[in-house]
Amino acid sequence: MGGVSLLAVIILCVLGYLGSTNAQLQMGFYAKSCPEAEKIVFDSVIKHIHDSPSLAPSLLRLHFHDCFVRGCDASVLLKSKRKKAERNAPPNLTLRGFSFIDSVKSKLEAECPGIVSCADIIALAAMDTVAAIGGPFCRIPTGRRDGKTSRKSEASKNIPSPTSNFTNLEKLFANQGLDSKDLVVLSGAHTIGVSHCTSFSYRLYNFTGKGDQDPALDGEYAKILKAKKCKTPKDNTTLVEMDPGSPYAFDLNYYKLLLTKKGLFQSDSALTTNSTALFWIKHILHGSLRRFYFEFAMAMKKMGRINVKTGSSGQIRKKCGLVNK
């Protein structure tokens with residue numbers, strides 16, 4: 001963990017949680033009904049990320065996209081014969097991790113049928129995957145139930161785009177009860193993973209529709225991207241690291257890149273255009289990696305409580321892609 005004490009981060013996570021208990025969710029919700037639930041998820045994540053580290057950012061993104069539409073209820077996993085579900089919306093067409101979640105669900109159904117929700121599996125896997133690549137390990141409350149509705153139109157409306165400016169980002173996060181600090185901290189997930197050129201190539205070739213380049217993007221960085229990565233405006237196959245040099249290291253380099261105009265997406269660069277967001281970027285950089293781990297874990301917990309279904313709401317799906325009959 002890059003010299004950061006795992007025990008210290010765990011203790012900080014617990015202390016942070018004590019001051020923000022949410023009655024809807026509980027720590028150790030499955031302690032009696034399915035004692036091995038969290039371990040099964042954790043062990044599955046650790047093994048899979050070891051074999052395929054590229055899944056790590058995918059599981060984080062899956063959780064994010066799920067929570068921003070109808071809350072954290074696994075609605076992003078539902079399938080639709082007419083392709084009108086969330087997973088068919090443009091922002092979700094490049095999502096990965098569905099088969100992994102299905103495989104974990106199968107293990108849990110074999111262990112304790114009808115007990116563990118798909119929504120909790122997504123939430124647990126997202127936090128576990130951070131630990132799997134060297135970030136903080138932090139237990140999260142569980143008890144989410146699965147939704148029964150999934151609409152493509154709602155995903156397109158509520159999920160932030162890589163082309164978003166700060167005003168749009170702030171509004172979409174505020175709609176979910178998240179503030180500017182949460183926006184900056186959760187954007188730190190971009191310290192891992194890759195993107196297709198098509199998500200940002202307009203910044204290189206046609207930013208305002210006049211064949212120009214985005215002035216908010218460092219010129220030398222743009223030149224390298226055009227020469228070695230996105231050689232044509234319509235390249236839809238090449239993958240580019242969001243955090244050059246350390247795409248699978250959960251570190252602070254993403255924030256350093258923002259201050260040197262090397263954020264890959266327009267939505268990344270947008271964080272430096274607002275004084276409050278800029279304050280939090282510098283606050284993170286002036287602090288310790290251990291502190292960032294704590295802040296990220298707390299922001300993940302906060303996001304994981306968005307409009308959760310508990311008690312008798314929703315259902316516990318038998319298969320994550322299908323509503324129970």
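Considering only Cα-Cα distances, which of the following residue pairs are longer than 18 Å: Lys79/Lys148; Lys107/Lys318; Lys226/Lys262; Lys148/Lys171; Lys39/Lys107?
The answer is Lys148/Lys171.
What shape does the stretch 120-164 take by its C-alpha gyration tensor, where a ≥ b ≥ c are the square roots of the eigenvalues and a/c under 1.5 counts as rounded, a/b above b/c as prolate, and the rest as oblate?
Here the stretch 120-164 falls in the oblate category.
How would you rank 76-88, 229-241, highest first, on the average number of other Cβ atoms within 10 Å across their residues?
76-88, 229-241
Averaged over all directions, how much area does the convex hull of the C-alpha atoms of the stretch 150-211 cover when projected, in nm²?
If I average the Cα hull's projected area over directions, I get 5.7 nm².
If you take the Cα atoms of the stretch 205-301, find Rg, then find the Kirkwood Rh from the mean of 1/r over all pairs, what is Rg/Rh?
1.01
Could you please tell me the mean projected area of the C-alpha convex hull for the stretch 96-232, averaged over all directions and given in square nanometres to one decimal?
Mean projected area of the Cα convex hull: 11.6 nm².
So what's the net charge close to Leu271: Lys and Arg +1, Asp and Glu -1, counting the other residues with Cβ under 14 Å from its Cβ?
Result for the neighbourhood of Leu271: +1.
Setting aside same-chain residues fewer than 8 positions from Lys228, which aspartates and glutamates have a Cα under 13 Å from its Cα?
Output for Lys228: Glu220, Glu241.
Once you've got the Cα coordinates, tell me which of Lys223/Lys256; Lys105/Lys309; Lys157/Lys256; Lys47/Lys256; Lys181/Lys261 are over 24 Å apart.
Correct reply: Lys157/Lys256; Lys47/Lys256.
If you count only protein heavy atoms with a 1.4 Å probe, what accessible area per residue comes out for the chain, rounded to a whole Å²?
That works out to 45 Å² for each residue.
What is the pair-distance distribution P(r) of the chain, computed from all Cα-Cα distances in 10 Å bins starting at 0, with each bin given as a whole percent?
6, 26, 35, 23, 8, 1, 0
Under 1.5 on a/c is rounded, so check that first for the stretch 218-263, then, if it is not, pick prolate when a/b is larger than b/c and oblate when it is not; a ≥ b ≥ c are the square roots of the alpha carbon gyration tensor eigenvalues.
In terms of gyration-tensor shape, oblate.
Between Ser246, Ser44, Ser180, which gets the highest mean-square fluctuation from a Gaussian network model of the chain, Cα cutoff 10 Å?
For the chain, modelled as a Gaussian network with Cα springs under 10 Å, the answer is Ser246.
When the helices in the chain are scored as -39500 (n - 2.57) per DSSP H run of 4 or longer and the sum is shared across all residues, what 222 nm value do you end up with, to the nearest 500 deg cm²/dmol?
-13000 deg cm²/dmol
Give me the net charge for the shell around Pro162: Cβ to Cβ below 10 angstrom, other residues only, Lys and Arg +1, Asp and Glu -1.
Result for the neighbourhood of Pro162: 0.
The values are calculated or read from the model by the stated rules, or taken from the named source; none is laboratory data. Treat the numbers as computed from the prediction; the structure is a model and nothing was measured. Heads up, the Cβs are rebuilt from the backbone with ideal geometry, glycines too, and the neighbour counts pull from every protein chain shown. Just so you know, the surface numbers come from the protein's heavy atoms only, side chains and all, with ligands and any DNA or RNA stripped out. Shrake-Rupley method; radii C 1.70, N 1.55, O 1.52, S 1.80 Å.
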